[in-house]
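Down below is the structure, laid out as structure tokens.
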Amino acid sequence: MMLRTGLLLLPSRPASELSDLAARAEALGYDDFWLADERFFREVYALLALAAARTTRIRLGPCVTDPFSRHPALTAMAIATLDEISGGRAVLGIGAGVSGFRELGINAERSAVAIREAVELIRQLLGGQNVTVKGQRVSFNDGRLDFAPRRAKIPIYVASQREAGCRVAGRVADGAIMQGCVAEPLLRFFRKTVADGAQRAERDPAQVELVARINVCVSDDVHAARNAMRPTVVRSLVAQRPDFFTFRTAGLELPEPLRTHVLGLPYTHDVAPLMKVAPLVPDAFVDAVTLAGSAADVAKGVARLARSGIGQLMVYPVASQGSIVGTIERFQTEVMPAVRKELERS
């Protein structure tokens, strides 16, 4: 049983530091290096091009870009350029997105339809076709890429935590990404919904790689690790209001004080307002959507995900103290060797 590993970072660090981390990730053995396309941080494709120059093996891509703030034709152009720069190592993550929409005045309704139409257009353009399409959310009039892409079949992954988005992943994507699918009910939902989408499209569900995008903190102090995770859980709750779908699917109901505070928060990457609410997050919420604790504890969680059909563990590293580099390194040098031993015994 092979488990791929990916490293996901926010472009909140200087470009030179991010390219250093890409090189370090490759040296440690990560298979994929992902950068979030989040407003209004550094430009994701420029950073990925720098990462390509510092690496030779690892795959590189945005996780995720969206079909609203970037027209899918421009995404096709950008990912084909990255594929050329990297020597055929580009991979595309696309999802509904959330950041910057208010500032940009974007209407992101019917996101699952927009994602499906975007993937279909991107695939046609990468294949060298001249395309005219008038979709429900995506339109393109008599256009094509003015260069020949290195590959027509750049892998495309669709990220979603919702039923419609997961079905689209099964229907059209090479892989499906779900954030926080640690609790067993979330894993079941992810597997079943992606498989349902694939079967409706007469595809083999086994052809769709399942990717668990998980916030990970490797620390010998489990209490400190959970505390480091609480602000990230608050951000997830803010992004999912008002129905808090992931947590409801996991069988969790928000305590009233937490719910009241979350409903009053804006979506933000500023940690200060998140920290104020973080103490209200119960341990059960942390454990349902993250992996936090010692290397041995995290390894058990990763092995369980692998046995449940997850093909890639995408690590978003969180630090209980100091730098995220500790989690990035310990995941490969301590967690993954233990995972491999655990899976060999299975």
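Shown in residue order for the stretch 85-91 are the 3J(HN,Hα) couplings computed by the Karplus curve 6.51 cos²θ - 1.76 cosθ + 1.60 at θ = phi - 60°: 4, 8, x, x, 10, 6, 9 Hz (x for Gly and Pro).
Here the Karplus relation 6.51 cos²θ - 1.76 cosθ + 1.60, evaluated at θ = phi - 60°, turns the backbone of the stretch 233-247 into coupling constants of 5, 4, 4, 4, 5, 4, 5, 9, 5, x, 9, 6, 4, 4, 6 Hz, with x for every Gly and Pro. On the principal axes of its alpha-carbon atoms, the stretch 234-291 has extents of 27, 24, 19 Å, going from largest to smallest.
Our analysis of the stretch 112-186 gives Rg over Rh at 1.06, with the two radii drawn from alpha carbon positions and Rh computed by the Kirkwood formula. Of the GluC sites (Glu not before Pro) found in the stretch 18-87, the ones in coil according to DSSP and having at most 15 other Cβ atoms within 10 Å of their Cβ are Glu43. If you take the Cα centroid of the stretch 180-238 and the Cα centroid of the stretch 295-332, the two points sit 12 Å apart.
Computed from backbone phi, the HN-Hα couplings of the stretch 161-174 come to 10, 10, 4, 5, x, 5, 5, 4, 4, x, 6, 10, 9, 7 Hz, rounded to whole numbers (Karplus: 6.51 cos²θ - 1.76 cosθ + 1.60, θ = phi - 60°; Gly and Pro given as x).
Computing FRET efficiency as 1/(1 + (r/R0)^6) for Ala148 and His269, where r is the C-beta to C-beta distance and R0 is 41 Å, gives about 0.60. Charge dipole of the stretch 123-172 (Cα centre as origin; +1 on each Lys and Arg Cβ, -1 on each Asp and Glu Cβ, all else neutral): 160 debye, rounded to the nearest 20. Subtracting the Cα-Cα distance of Lys192 and Gln207 from 0.36 nm times their residue separation leaves 4.0 nm of extension gain.
Over the stretch 1-51, the reciprocal of the mean inverse Cα-Cα separation, the Kirkwood hydrodynamic radius, stands at 11.3 Å. Using the alpha carbons alone, the radius of gyration of the stretch 171-250 stands to its Kirkwood radius in an Rg to Rh ratio of 1.06. Please identify which residues in the stretch 226-245 have an amide N closer than 19 Å to a label point set 7 Å out from the Cα of Asp283, following the Cα→Cβ vector. Under cut-off, by backbone N: 226-234.
Given contacts defined as C-alpha pairs under 8 Å and at least six residues apart, what's the relative contact order of the stretch 22-64, whole-number percent? Each step should come with its number before you reach the end.
Working: 48 pairs, mean separation 23.3, N = 43.
Reported as a whole number, the value is 54 percent.
In summary, the lysines within cross-link reach of Lys192, defined as a Cα separation below 30 angstrom excluding same-chain residues under 8 places away, comprise Lys153, Lys300, Lys341. Cβ-Cβ distance of Ala296 and Gln321, R₀ of 25 Å, FRET efficiency by 1/(1 + (r/R0)^6): the value works out to about 0.80. P(r) tail for the chain, what percent of Cα pairs lie past 36 Å? When every Cα pair of the chain is considered, 15 percent fall beyond 36 Å. Applying the criteria of a DSSP loop state and at most 14 other Cβ atoms within 10 Å to the chymotrypsin sites (Phe, Trp or Tyr not before Pro) of the stretch 245-346 yields Tyr267. Normalised by the number of residues in the chain, the average gap of Cα pairs under 8 Å and 6 or more apart makes the relative contact order 16 percent. Protection proxy ranking of 168-179, 68-79, by the mean of other Cβ atoms within 10 Å over each peptide's residues and highest first, is 168-179, 68-79.
With a 10 Å radius around each residue's Cβ, average the other Cβ atoms per peptide and rank 117-123, 148-154, 27-33, highest first.
Output ranking for 117-123, 148-154, 27-33: 117-123, 27-33, 148-154.
Normalise the Cα radius of gyration of the stretch 216-346 by 2.2 N^0.38 Å (N = residues in it) and let me know the number. Dividing the Cα radius of gyration by 2.2 N^0.38 Å gives 1.10. Efficiency by 1/(1 + (r/R0)^6): what FRET value for Glu163 and Ser16, r their Cβ-Cβ distance, R0 = 41 Å, to the nearest 0.05? Given R0 = 41 Å and the Cβ-Cβ separation, E is 0.50. Taking Cα atoms only, the orientation of helix 111-126 departs from the longest principal axis of the chain by about 50 degrees. Tell me the mean residue ellipticity at 222 nm calculated for the chain from its helices only (DSSP H runs of n ≥ 4, each -39500 (n - 2.57), averaged over every residue, nearest 500). Mean residue ellipticity, 222 nm, calculated: -14000 deg cm²/dmol.
A quarter of the convex hull surface defined by the alpha-carbon atoms of the stretch 2-95 gives 5.7 nm² as the mean projection.
Highest mobility in the GNM of the chain, judged by mean-square fluctuation with C-alpha springs under 10 Å and restricted to Leu82, Leu50, Leu60, is found for Leu50. Ordering Glu109, Glu334 by the number of other Cβ atoms within 10 Å of each residue's own Cβ, fewest first, gives Glu109, Glu334.
Just so you know, all these numbers are worked out from the coordinates, no wet-lab data involved. Note that the coordinates shown come from a computational prediction; the quantities given were computed from them, not determined experimentally. Using ideal geometry, Cβ is built from the backbone for each residue, glycine included, and neighbour counts are taken over all protein chains shown.
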